[in-house]
Amino acid sequence: MKEEISPFGNLYVKGTFRLSFFAFQQLSGALQKVWNAVDIHGGTTLLSTGLTGDDARMARAAVAARARLLEPNHPAVVLARGLYGAKDMHAAEAVRHRLSLDEMLKVISGVRSAVGEEIFITVGVPGGFTEKQPIILEDEDFYNIARAGADGLYTHKTTLEDLEEWVTKAHKSGLLVDAYIAHPDDKHLLGIPARTPEEVGEAAQAIEQ
């Protein structure tokens, strides 16, 4: 029976896994930040993304305006820096995979340092979407994302198989995951495809499983 230990000490046995106590604490603490935001805002809350999630100065401004959830993401960083000729978000989405994970780790670390530990930070990183070119992240990459200051990952995976693999690796390193459902005719497919309300319900139930 093969056993595999990650940096967080998670134990894999026969294709299944159980969380280490540390990873469980990380996940629980991250989820509590979300519930705290919902409570502070009277039963609902909002997620501040784009420039407010990628620029530490704007992140501080968003928090000063009472935002408690921030989202740095790689296409927004590409657009903010004018990389690879991107002049709008559609163009940035087409080249987002070219941004390195190291650059995103710097963004995450900077935002975390600017806003403190009580703010929930979920991040989009190269490989977290269905990219134009395959980007493979290893366990060590997820670990480094957590160490940089992320509480979670948001993903635009477009198949349940890819999503399951992503969630397993993320949870192993103490990171929450939020996933999306998307209309298959959207300009950029950013989630599990579903065309009708019935299909949305089916996709949601499948994701929960």
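The values are calculated or read from the model by the stated rules, or taken from the named source; none is laboratory data. No experiment lies behind these values; they were computed from the predicted model shown. Note that we place each Cβ from the backbone using ideal geometry, even for glycine, and neighbour counts take in every protein chain shown. Quick note on the areas: whole protein, heavy atoms, side chains included, nothing else; ligands and nucleic acids left out. Shrake-Rupley method; radii C 1.70, N 1.55, O 1.52, S 1.80 Å.
Quick notes
- Remark: residue 174 falls outside the filter, which requires a residue to be in contact with an Asp or Glu (Cβ under 9 Å, 6 or more places away or on another chain) and under 18 Å from residue 74 (Cα atoms).
- Selection status of residue 57, at pLDDT 85 or above and either assigned to a helix (DSSP H, G or I) or more than 19 Å from the chain's Cα centre (by Cα) (or both): yes
Yes or no, residue by residue, for (1) open to solvent by less than 60 Å² (accessible area, probe 1.4 Å); (2) touching a Phe, Trp or Tyr at 6+ places or on another chain (Cβ under 9 Å); (3) basic (Lys, Arg):
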site: 38; (1), (2), (3): yes, no, no
site: 42; (1), (2), (3): no, no, no
site: 54; (1), (2), (3): yes, no, no
site: 66; (1), (2), (3): no, no, yes
site: 69; (1), (2), (3): yes, yes, no
site: 75; (1), (2), (3): yes, yes, no
site: 80; (1), (2), (3): no, no, no
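Quick grid of which residues meet (1) under 22 Å from residue 147 (Cα atoms); (2) touching a strand residue (DSSP E or B) at 6+ places or on another chain (Cβ under 8 Å); (3) part of a helix (DSSP H, G or I); (4) open to solvent by 10 Å² or more (accessible area, probe 1.4 Å):
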residue: 48; (1), (2), (3), (4): yes, yes, no, yes
residue: 87; (1), (2), (3), (4): no, no, no, yes
residue: 91; (1), (2), (3), (4): no, no, yes, yes
residue: 94; (1), (2), (3), (4): no, no, yes, yes
residue: 121; (1), (2), (3), (4): yes, yes, no, no
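- When each of 162, 178 is tested for being open to solvent by 40 Å² or more (accessible area, probe 1.4 Å) and either aromatic (Phe, Trp, Tyr) or in a strand (DSSP E or B) (or both), the lone residue that passes is 178.
- Hey, residue 168 buried (at least 22 other Cβ atoms within 10 Å of the Cβ), in contact (Cβ under 8 Å) with a residue 60 or more places away in the chain and not in a loop (DSSP other than H, G, I, E, B) or not: no
- When the stretch 146-159 is limited to residues that are within 13 Å of the chain's Cα centre (by Cα) and free of Cβ contacts under 8 Å to residues at least 40 places away in the same chain, the one that is surrounded by the fewest Cβ atoms within 10 Å (Cβ to Cβ) turns out to be 156.
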